[in-house]
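Colleague: Take this structure first; my questions come after.
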Amino acid sequence: QQQVKQSPQSLIVQKGGIPIINCAYENTAFDYFPWYQQFPGKGPALLIAIRPDVSEKKEGRFTISFNKSAKQFSLHIMDSQPGDSATYFCAAIPNAGGTSYGKLTFGQGTILTVHP
Amino acid sequence: DAGVTQSPTHLIKTRGQQVTLRCSPKSGHDTVSWYQQALGQGPQFIFQYYEEEERQRGNFPDRFSGHQFPNYSSELNVNALLLGDSALYLCASSLKDRRKPQHFGDGTRLSIL
């Protein structure tokens, strides 16, 4: 059962472009949404995270937009660079009456390639 | 400041064998979670340990078990290995609060022949 759906599977942009990765969820118990970046041979690294009471959050060149009513959120990478080429995962953590304990549910991942 | 360290980095086993993977959490962290990442997929939650007890478990069979030691380090044990257990096994450490960032190690690549 895929609780967090991520698209596209892969994305190719030119340097300076703005790739956008989208995620959607059904479980309304999700209330914390982190994004992770993973390079080959490495573990995922936290990029940025958002709560549903905020519609947008920026950290450096990374921006999350959140639409609570549509249960969708997206990652924008401004002025993308070849070094941003990696796999990106959205994730969600539920608030289940204190029993969720930070269980991350990940999307399927998006392979981003930024050409010079 | 050392991050999350996992050992070994690679492991090859045959079907039916048992394996133990190890994780040392980031300094100051008291909670350890384990994830399985199949090739081309997102990580799947196996279980989480806090205060030496399994606090939550994902949809994995009892062949998967774990342990947390008083120094917060952790082990993941898998018995009766199947071909489908081939994956990257990731350890993540964090503080108790579920919204605190989880820091991942670089994983153990397990191959089953």
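Colleague: Regarding segment A:53-65, can at least one residue be identified that is more than 14 Å from the chain's Cα centre (by Cα), touching a residue at least 40 places away in the same chain (Cβ under 8 Å) and open to solvent by 40 Å² or more (accessible area, probe 1.4 Å)?
Modeller: Within segment A:53-65, not a single residue is more than 14 Å from the chain's Cα centre (by Cα), touching a residue at least 40 places away in the same chain (Cβ under 8 Å) and open to solvent by 40 Å² or more (accessible area, probe 1.4 Å).
Colleague: Moving on. Looking only at segment A:10-24, decide whether some residue is within 14 Å of another protein chain (Cβ to nearest Cβ) and closer than 21 Å to B:Gln102 by Cα.
Modeller: yes
Colleague: Does segment B:34-55 contain at least one residue that is in contact (Cβ under 8 Å) with a residue 24 or more places away in the chain and surrounded by fewer than 13 Cβ atoms within 10 Å (Cβ to Cβ)?
Modeller: Yes.
Colleague: Moving to a separate point now. Which count do you get for residues in segment A:51-73 that are part of a loop (DSSP other than H, G, I, E, B) and more than 9 Å from chain B (Cβ to nearest Cβ)?
Modeller: 10
Colleague: Under the condition of being of a type outside the set (Ser, Thr, Tyr) and closer than 28 Å to B:Ser93 by Cα, which residue from segment A:1-17 is most open to solvent (accessible area, probe 1.4 Å)? Can you show your working first?
Modeller: Here is the first cut: in segment A:1-17, the ones of a type outside the set (Ser, Thr, Tyr) are A:1-6, A:8-9, A:11-17.
Now drop any that are not closer than 28 Å to B:Ser93 by Cα, which leaves A:1-6, A:9.
Numbers: A:Gln1: 208, A:Gln2: 73, A:Gln3: 59, A:Val4: 0, A:Lys5: 129, A:Gln6: 16, A:Gln9: 154 Å².
Per the stated criteria, the residue is A:Gln1.
Colleague: If you take the residues in segment B:56-67 that are modelled with pLDDT of 95 or more and surrounded by 13 or more Cβ atoms within 10 Å (Cβ to Cβ), which one is nearest to the other protein chains (Cβ to nearest Cβ)?
Modeller: Only one residue tops the list, namely B:Phe60.
Colleague: Considering segment B:49-67 alone, what residues qualify as being assigned to a strand (DSSP E or B) and not aromatic (Phe, Trp, Tyr)?
Modeller: B:Glu53, B:Glu54, B:Arg55, B:Gln56, B:Arg57, B:Ser65, B:Gly66, B:His67
Colleague: Okay, moving on. Give me the residue from segment B:68-111 that is of a type in the set (Phe, Trp, Tyr) and part of a loop (DSSP other than H, G, I, E, B) and, out of that set, farthest from the other protein chains (Cβ to nearest Cβ).
Modeller: Per the stated criteria, the residue is B:Phe69.
Colleague: State which residue is nearest to B:Leu82 (Cα to Cα) when the search covers only segment B:35-49 and only residues that are within 10 Å of the chain's Cα centre (by Cα) and at the interface with another protein chain (Cβ under 7 Å from one of its Cβ atoms).
Modeller: Here the answer is B:Phe45.
Colleague: Then there's this: Looking for something more than 14 Å from every other protein chain (Cβ to nearest Cβ), open to solvent by less than 20 Å² (accessible area, probe 1.4 Å), farther than 18 Å from A:Thr113 by Cβ and not aliphatic (A, V, I, L, M) - is there at least one such residue anywhere in segment A:74-86?
Modeller: Yes, the conditions are met somewhere in segment A:74-86.
Colleague: Out of B:Leu88, B:Leu110, B:Leu82, I need the residue that is touching a Lys or Arg at 6+ places or on another chain (Cβ under 8 Å), open to solvent by 40 Å² or more (accessible area, probe 1.4 Å) and modelled with pLDDT of 95 or more. Which one?
Modeller: Of B:Leu88, B:Leu110, B:Leu82, the one residue that is touching a Lys or Arg at 6+ places or on another chain (Cβ under 8 Å), open to solvent by 40 Å² or more (accessible area, probe 1.4 Å) and modelled with pLDDT of 95 or more is B:Leu82.
Colleague: Next question. Looking only at segment A:21-33, decide whether some residue is at pLDDT 95 or above and more than 15 Å from A:Leu75 (Cβ to Cβ).
Modeller: no
Colleague: Pick from segment A:87-116 the residues that are in a strand (DSSP E or B) and open to solvent by 10 Å² or more (accessible area, probe 1.4 Å): which of them is nearest to the other protein chains (Cβ to nearest Cβ)?
Modeller: Out of the qualifying residues, it is A:Thr105.
Colleague: Quick check on my filter: what residues within segment A:18-50 are in a loop (DSSP other than H, G, I, E, B) and open to solvent by less than 20 Å² (accessible area, probe 1.4 Å)?
Modeller: If the condition is that a residue be in a loop (DSSP other than H, G, I, E, B) and open to solvent by less than 20 Å² (accessible area, probe 1.4 Å), then A:Pro19, A:Gly43, A:Pro44 are the ones that fit.
The values are calculated or read from the model by the stated rules, or taken from the named source; none is laboratory data. Quick caveat: nothing in here was measured; it's all calculated off a predicted structure. Cβ atoms come from the backbone with ideal geometry, glycine included; neighbour counts cover every protein chain shown. Ligands, DNA and RNA are excluded from the accessible area calculation, which covers all protein heavy atoms including side chains. Shrake-Rupley method; radii C 1.70, N 1.55, O 1.52, S 1.80 Å.
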